[in-house]
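Colleague: Please see the structure below; I have some questions.
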Amino acid sequence: MILRKNHLQLATSCSVAALLMASAASAQAQDVTIVQPGAVGEGVRVLSESEASRLAFNGYAPADVEFMQGMIVHHQQAVEMSQLVADRTNNEDVTSVSGRILSSQADEITFMREWLTERGERVEWEGMGHTAHMGMMGMATPAQMDELATLRGTAFDRMFLELMVRHHRGAIDMVRDLHSTRGTAADPVMYEFTSEVVNDQTSEIERMRGVLAGLSTDPRASLAAGVFDAGEAISNLRHVAFLRKPAGFFDPENPAGLRPEILPEEEDEEAASEADESAIHANHAAMTAAAEAEGGQRHDHQMAMAEAEEAAEEATDAEANPEEEAEEPQRRFAQRGGPLSFSQTDIAFSGDLMVTGNYHGWNAYRLGEDGMPTLVSSVVCPGGQGDVSIAGDLLIMSVEDTRGRVDCGSQGVTERVSDERFRGLRIFDISDITRPVQVGQVQTCRGSHTHSIVQQNEDALIVYNSGTGSVRETEELAICFDDEGGDDRTSLFRIDVIEIPLDDPSQARITSSPAVFADPETGRLAGLWTGGDHGDETQETRRTDQCHDITVFPSLNLAAGACSGNGIIFDISDPYNPTRLDAVTDPGFAYWHSATFNNTGDIVLFTDEWGGGGRPRCQAADPRNWGANAFYAIVDGQLEYRGTFKLPAPQGETENCVAHNGSIIPVPGRNIFVQAWYQGGLSVIDFTDPTNPFEIAYFDRGPVDEDQLVTGGYWSTYFYNGRIYATEIARGLDVFALEPSEYLTAEEIAAAEAASFQDNVFNPQTQYPVTWSEDVIRAVEDSRNGG
């Protein structure tokens, strides 16, 4: 962060303004009485000119002092790290970073020391030193500093930049904590300094992220942007096909959902607003200077005017002869784009039928030769999220948005309470896939984000529903209650158990909404993670009041729930009454998103959707255990942590990326998983040893747009009947086939293609163990032995 000359200019300009204000006040004091009203019932007090000025003075708070003392320690460590650079790398980008830090931090430390000294405050912080404060503000630990000093070349560059990015983030957090405290940064110089910390450190972080990404030799790190002409990188896969979204499921004038650009005239208006705000701060500073002048401090009028004129001349010279060429202004875009109205979502399969969900409805395809999809039906029925499952001639669809309508209309619902609103599970008869009919609905209190078919018998389907939306008004649905006043009837902290009669789906109903997070001893509904971080350098994890996904493994009577703040396993021996067996937290998880069993049901892969899926969480400097997968073994009904995996290829700042949906690729004797990472592409992971998972194949495209972050990339990637199918949020649908490699033999791929799914159906949150013939298993074993 660079402390610019405008501190001096601000102070000098304020001196001039102060003198002018003081002169005006002196002239007016001869004719005007200055008064101060009292409280109700009290009289008016007459003030002297100096008393009035002193009341306008904005001083500083104890938190300001502590901030400056702490930031000195913070800066000193940045200097120490930067001093290591010269003897350990010749990377010009890294030396430039360290050079900027060394040239700026010393001046800033001097400024902060003088600020404290001028106010009679101690420069040293109590317990001052790196060791005392290494657990806060993003500072490196002594062990990390020692390790950094041992490294050379690229290894040094990577660790230096990763530590420095975190260090800079810590400085930004310090400022935000300060500004959130009432009565701080009232001193205009202090306010200007702390604001520049945020602006400059943010810019430096972006530069360092770019350098970090440049250290990667992975081809995915530098792909060209484009909607349908982006760069591509592929390894150990064959790209079978790409299909664009069907007609009616994208905006023809804006197929990628780009945010509108802010035009120059709009920027001028915004700049004018910012200038007005700056003028307010400058006036604030002038008032402070005037108060100081009238408070007894001696000022030489002639010297002040001379300093003001000199400062003005310097400013003019700086504008006329800038030290650096002005950069071309960056394109700017509206902060919010359109809603996810046409986003591709989840997938379900039955025989040769594939259905892809969408916020706008769903599309059905027939799978032909080489797994090639052919569109056979498009169904408009908006309401998000659009996750789908298939059971015989029934299709179930999750609906969570408040705009969803009972009649599948596109006009939405604007009233706070309406009989026309639909949030819950839709049930369609798809016996004629070209003319599906809605035959049942189950209204739920928090909508339906995802659902799981737990059991199908001769009479009914049993489905678990996970709603993550806001609680509906009781006037709209009588069974719904919010969490006001600790009402135990609250619709939070629950899942829904739904029964769908096969002979009459219109009678589908919620049989119960068990409080699966309750404390078994006290009965307290919020019995699991209550929200917050797990200590220094850990994630801020959502509280557990919902499950995002519940994946069932009926043959073992188990279910695994990714439930916002916890990973959970349930006993579903009685599917109407699931019982919690164990729950775990993970210090690297922000939001437990999805769960997948391995084929034998003794390991669960949980994913963390850090940033909600719409943020760039796979950048080079991001923590390797945040927004990742965590592997847990099930041992005697308890979850035991085994390992973590995150996409190894760094992504750019315009690529939303985090762990998302995937499925097992069934290879005998191995645990292999194909996974979506939004704009990070897809990755095939071997977690046979869950303590050491690694990538064996991948595909990635460049960002949807070079200049703006657009929600795109893969929502889901699933293996079915020998092919990988991937729904691309902004673009359409991709199909891939595995290729033999050092990681997979041809016989192993053939075994995956020959695997038998129960009833030839695949629903993402219902897992059954796949099976193989003895001949297939023997061929795989022979291939591993060189046969």
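Colleague: Just need a number here: residues in the range 454-480 that are out of contact with any Asp or Glu (no Cβ under 6 Å at 6 or more places or on another chain) and farther than 23 Å from PHE493 by Cβ.
Modeller: Number of matching residues: 6.
Colleague: Considering only the range 554-666, give the strands (runs of 3 or more DSSP E) lying wholly within it that have at least 1 residues that are surrounded by 24 or more Cβ atoms within 10 Å (Cβ to Cβ).
Modeller: In the range 554-666, the matching strands (runs of 3 or more DSSP E) lie at 558-563, 566-571, 592-597, 603-608, 629-635, 638-645.
Colleague: Do we have any residue at all in the range 214-227 that's under 26 Å from GLY257 (Cα atoms), of a type in the set (Val, Ile, Thr) and out of contact with any strand residue (DSSP E or B) (no Cβ under 6 Å at 6 or more places or on another chain)?
Modeller: Start the filter on the range 214-227 by keeping residues that are under 26 Å from GLY257 (Cα atoms), which leaves 220-227.
If we keep only those that are of a type in the set (Val, Ile, Thr) as well, we get 227.
With out of contact with any strand residue (DSSP E or B) (no Cβ under 6 Å at 6 or more places or on another chain) added as a condition, the list becomes 227.
Taking every residue of the range 214-227 in turn, at least one turns out to be under 26 Å from GLY257 (Cα atoms), of a type in the set (Val, Ile, Thr) and out of contact with any strand residue (DSSP E or B) (no Cβ under 6 Å at 6 or more places or on another chain).
Colleague: Could you list, in sequence order, all residues of the range 403-424 that are crowded, with 17+ Cβ neighbours inside 10 Å, of a type outside the set (A, V, I, L, M, F, W, C) and out of contact with any Ser or Thr (no Cβ under 7 Å at 6 or more places or on another chain)?
Modeller: ARG403, GLY404, ARG405
Colleague: Still on this structure, please answer the following. Please verify whether ASP503 is of a type outside the set (Gly, Ala, Ser), surrounded by fewer than 18 Cβ atoms within 10 Å (Cβ to Cβ), part of a loop (DSSP other than H, G, I, E, B) and touching a residue at least 40 places away in the same chain (Cβ under 8 Å), treating the condition exactly as stated. Steps first, please.
Modeller: On the way: of a type outside the set (Gly, Ala, Ser): yes; surrounded by fewer than 18 Cβ atoms within 10 Å (Cβ to Cβ): yes; part of a loop (DSSP other than H, G, I, E, B): yes; touching a residue at least 40 places away in the same chain (Cβ under 8 Å): yes.
So ASP503 passes the test.
Colleague: Quick one: what pairs do we get from the range 147-171, first residue closer than 14 Å to ALA213 by Cα and at pLDDT below 95, second among the acidic types (Asp, Glu) and surrounded by 18 or more Cβ atoms within 10 Å (Cβ to Cβ), C-beta under 9 Å, 6+ apart or different chains?
Modeller: VAL165/GLU204; VAL165/ASP622
Colleague: Considering only residues that are within 26 Å of the chain's Cα centre (by Cα) and not in a loop (DSSP other than H, G, I, E, B), which ones fall in the range 223-254?
Modeller: Scanning the range 223-254 gives GLU232, ALA233, ILE234.
Colleague: What tally of residues in the range 748-772 results from selecting those that are out of contact with any helix residue (DSSP H, G or I) (no Cβ under 7 Å at 6 or more places or on another chain) and part of a loop (DSSP other than H, G, I, E, B)?
Modeller: Qualifying residue count for the region: 6.
Colleague: VAL658 is checked against (1) in contact with a Lys or Arg (Cβ under 7 Å, 6 or more places away or on another chain); (2) within 30 Å of SER773 (Cβ to Cβ) and fails just one. What number does that condition carry?
Modeller: (2)
Colleague: Taking the range 448-493, which residues are without any contact (Cβ under 8 Å) to a residue 24 or more places away in the chain and surrounded by 23 or more Cβ atoms within 10 Å (Cβ to Cβ)?
Modeller: Answer for the range 448-493, where residues must be without any contact (Cβ under 8 Å) to a residue 24 or more places away in the chain and surrounded by 23 or more Cβ atoms within 10 Å (Cβ to Cβ): there is none.
Colleague: Can you name every residue in the range 178-190 that is part of a helix (DSSP H, G or I) and at pLDDT below 90? Break it down stepwise before answering.
Modeller: Going through the range 178-190, the residues part of a helix (DSSP H, G or I) turn out to be 178-179, 188-190.
Matches in the range 178-190: PRO188, VAL189, MET190.
Colleague: OK, next. State whether one or more residues within the range 202-222 are assigned to a strand (DSSP E or B), at pLDDT 95 or above and not acidic (Asp, Glu). Talk me through it step by step, then tell me what you get.
Modeller: Start the filter on the range 202-222 by keeping residues that are assigned to a strand (DSSP E or B), which leaves none.
No, every residue in the range 202-222 fails to be assigned to a strand (DSSP E or B), at pLDDT 95 or above and not acidic (Asp, Glu).
Colleague: In addition: Can you tell me which of ASP759, ASP734 is modelled with pLDDT under 95 and either buried (at least 20 other Cβ atoms within 10 Å of the Cβ) or not small (Gly, Ala, Ser) (or both)?
Modeller: When all the criteria are applied, what remains is ASP759.
Colleague: Does the range 677-695 hold any residues that are outside any loop (DSSP other than H, G, I, E, B) and either on the phi > 0 side of the Ramachandran plot or crowded, with 22+ Cβ neighbours inside 10 Å (or both), and which are they?
Modeller: TYR678, LEU682, SER683, VAL684, ILE685
Colleague: Does GLN546 count as of a type outside the set (A, V, I, L, M) and under 16 Å from ILE568 (Cβ atoms)?
Modeller: Numbers: of a type outside the set (A, V, I, L, M): yes; under 16 Å from ILE568 (Cβ atoms): yes.
Against the criterion (of a type outside the set (A, V, I, L, M) and under 16 Å from ILE568 (Cβ atoms)), GLN546 qualifies.
Colleague: A follow-up question, please. For the range 593-624, which residues satisfy the criterion of being over 27 Å from VAL667 (Cα atoms) and not charged (D, E, K, R)?
Modeller: TRP610, GLY611, GLY612, GLY613, GLY614, PRO616, CYS618, GLN619, ALA620, ALA621, PRO623 - these are the residues of the range 593-624 that are over 27 Å from VAL667 (Cα atoms) and not charged (D, E, K, R).
Colleague: I would also like to ask the following. In the range 107-121, which residues are free of Cβ contacts under 8 Å to residues at least 40 places away in the same chain, within 14 Å of ASP187 (Cβ to Cβ) and under 36 Å from the mean Cα position of the chain (by Cα)?
Modeller: Across the range 107-121, there are no qualifying residues.
Colleague: Quick one: in the range 340-398, of everything that is touching an Asp or Glu at 6+ places or on another chain (Cβ under 9 Å), within 13 Å of ALA726 (Cα to Cα) and of a type in the set (Gly, Ala, Ser), which residue is surrounded by the most Cβ atoms within 10 Å (Cβ to Cβ)?
Modeller: It comes out as ALA348.
Colleague: Let me ask something else. Just give me the residues in the range 696-730 being part of a loop (DSSP other than H, G, I, E, B) and more than 21 Å from the chain's Cα centre (by Cα), in sequence order. Walk me through it before giving the result.
Modeller: We begin by selecting, within the range 696-730, every residue part of a loop (DSSP other than H, G, I, E, B); these are 702-709, 711-713, 721-722, 729-730.
Across the range 696-730, the qualifying residues are ASN721, GLY722.
Colleague: Here's a check for you: in the range 58-78, which residue that is small (Gly, Ala, Ser) and part of a helix (DSSP H, G or I) is nearest to the chain's Cα centre (by Cα)? Break it down into steps so the answer makes sense when it comes.
Modeller: Initial filter on the range 58-78 (small (Gly, Ala, Ser)): 59, 61, 63, 70, 78.
Within this subset, residues satisfying the condition of being part of a helix (DSSP H, G or I) are 63, 70, 78.
Numbers: ALA63: 30, GLY70: 29, ALA78: 27 Å.
By that ranking, first place goes to ALA78.
The values are calculated or read from the model by the stated rules, or taken from the named source; none is laboratory data. The shown structure was predicted, so the numbers you read here are calculated from the model rather than taken from an experiment. As a convention, Cβ positions derive from the backbone with ideal geometry for all residues, glycine included, and neighbour counts pool all protein chains shown.
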